[in-house]
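What follows is a short report on a single structure.
The values are calculated or read from the model by the stated rules, or taken from the named source; none is laboratory data. This structure is a prediction, so every number in the text was calculated from the model and none was measured. Ideal geometry is used to build each Cβ from the backbone, glycine not excepted, and the neighbour counts take in all protein chains shown. These accessible areas exclude ligands, DNA and RNA; they are computed on the full protein's heavy atoms, side chains included. Shrake-Rupley method; radii C 1.70, N 1.55, O 1.52, S 1.80 Å.
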Amino acid sequence: MKNSTQILHSNLNINSNSIDNSPLHTAIQPSITYHYDSAEHLIEVFQGKRKGFTYARQSSPTILALEEKVNQLEQGRGTLVFSTGMAAISDTFIALLKQGDHIVTSHHLFGNTLSFFKILERLGFDVSYIDCTDAQTVARAIKSTTRFFFTETISNPLTLIPDLTAISELLKQKKIFSIIDNTITTPFIFKPTDMGFSFSMNSLSKYLGGNGNSLAGSITDLGNYDGANDDHILPQYKKLDIDNCLMLQLKKKALRDQGATLSPYNAFQVSQGMDTASLRLKQHAKNTALITEYLSQHPKVAIVNHPLLSSHPQHQRAQKLFGSDNQDSQQYLGGILSFILKSDLDSHSPIQAIKLLNHFRIILRSTHLGDARTMSIPIAPTIFNEHGVDGRKKIGIDEGLIRLSIGIEEPDDLLEDLEQALEKI
Ligand SMILES: *Cc1c(COP(=O)(O)O)cnc(C)c1O
């Protein structure tokens, strides 16, 4: 079964034992707690000796159905969902870190993830921010204390692509725990488990949910990392279930103790969004290809960043890593692109970018990405404002950089909107 088929049937399998036959959707279950027919039953569920729910901060039926859905897509050993993508990232690190640990990560990260790593630095953790497009740089950054590696599959807004193949080999050799942020690619396009990475993380608020109506995040244990022999995993979890001790610790230390639980209402909405994600990705791909080509040939545009362009530094790598899902016409290499107008590049300012955005009639002025609607944002004075001019320069964010998150509208409408706005500046 293809992923897109499988996902439409995932709730059906979970619900097949319920008394009302097999509902297509797991119902929204708002109950916080449960009643048991005996105290022994209550104790057994608490101790993990019997299946069941205790308190909804850890799990509940609607949450479980969504976790199962993400897990099937990622081909994982287990998945946990959180209230947001940021909660999934930060709570996972807090649940697994130990004093003295060193983290290697990319300096091209989602702004808030980068900002979270700065918190870890303030708490005394050693974090190296490097260029992950080159595996040699990753190799050089690894120390005896390196315990974690974190990167995104396609960076935003510059669309840079780490050398995931070589990095995965390196990390396996050194037994370093890895977390891959799969948000921009989604598990429909890329499966981090195939390369042996430890965890895959998704912001479900983006392409997978797709409708801009619910925040959510997920962490999937891909079953590739040996938690049993890692002293980061507490003895009580190894004793309880040696094969799943990693996930068990995450469930207790990330979800139960930090409490960024997803609401069942949002879980339901995200779950419905996921049913049509593969279809949306095809339209995202088609529109992104047309807009990338249009902008790259426009006389008022100086630079376009997207892996589809043969001028992109990781054009071939992108096709190799993410191009396999080419079911019909168009490869999806991420629905994010960024560009700079010639006049802004010359003046190192976002003046013309701001004018352009104000002329858009269909393309929204919004900070979100991976939505069904096309969205635009001047990056420097918004998402990377806290970095300051020097900080932005260091990571290659030009003052005039505009990010587009390409939606699923009719491509002609989007191209016309771009054309009329570009004409006016
Ligand atoms: C949005 C995003 C996040 C954070 O997800 P939220 O659900 O908004 O908290 C993390 N990583 C990437 C790549 C993202 O785009």
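Some points to look at:
- When residues of segment 366-378 are limited to those that are part of a loop (DSSP other than H, G, I, E, B) and more than 13 Å from the ligand (Cβ to nearest atom), the one least open to solvent (accessible area, probe 1.4 Å): 374
- Restricting attention to segment 45-99, the residues that are without any contact (Cβ under 8 Å) to a residue 24 or more places away in the chain and either within 16 Å of the ligand (Cβ to nearest atom) or surrounded by 20 or more Cβ atoms within 10 Å (Cβ to Cβ) (or both) total 0.
- Residue check for residue 141: more than 12 Å from the ligand (Cβ to nearest atom), more than 21 Å from residue 401 (Cβ to Cβ) and in contact with a strand residue (DSSP E or B) (Cβ under 9 Å, 6 or more places away or on another chain): yes
- Complete set of residues in segment 105-125 that are part of a helix (DSSP H, G or I), under 21 Å from residue 403 (Cβ atoms) and either more than 14 Å from the ligand (Cβ to nearest atom) or in contact (Cβ under 8 Å) with a residue 60 or more places away in the chain (or both): 111, 113, 115
- Within segment 215-243, the set of residues being more than 16 Å from the ligand (Cβ to nearest atom), touching a Leu at 6+ places or on another chain (Cβ under 9 Å) and β-branched (Val, Ile, Thr) comprises just one member, 233.
- Residues that are under 11 Å from the mean Cα position of the chain (by Cα) and polar (S, T, N, Q) number at least 1 in the following strands (runs of 3 or more DSSP E) confined to segment 136-254: 146-152, 199-203, 217-221.
- Scanning segment 397-405 turns up no residue that is assigned to a helix (DSSP H, G or I) and open to solvent by 30 Å² or more (accessible area, probe 1.4 Å).
- Which listed residue, of 224, 244, 229, is modelled with pLDDT under 95, under 15 Å from residue 78 (Cβ atoms) and surrounded by fewer than 21 Cβ atoms within 10 Å (Cβ to Cβ): 244
- Members of segment 154-189 found to be within 16 Å of the ligand (Cβ to nearest atom), of a type outside the set (A, V, I, L, M) and over 26 Å from residue 397 (Cα atoms), listed by number: 178, 187, 188
- Here residue 274 meets each of (1) in a helix (DSSP H, G or I); (2) under 13 Å from residue 80 (Cβ atoms); (3) within 16 Å of the ligand (Cβ to nearest atom); (4) aliphatic (A, V, I, L, M) with one exception, condition (2).
- Residue match in segment 251-272 (condition: on the phi < 0 side of the Ramachandran plot, open to solvent by 30 Å² or more (accessible area, probe 1.4 Å), in contact with a Gly (Cβ under 9 Å, 6 or more places away or on another chain) and charged (D, E, K, R)): yes
- Taken residue by residue, segment 286-297 has at least one member that is part of a loop (DSSP other than H, G, I, E, B), open to solvent by 50 Å² or more (accessible area, probe 1.4 Å) and either on the phi < 0 side of the Ramachandran plot or hydrophobic (A, V, I, L, M, F, W, C) (or both).
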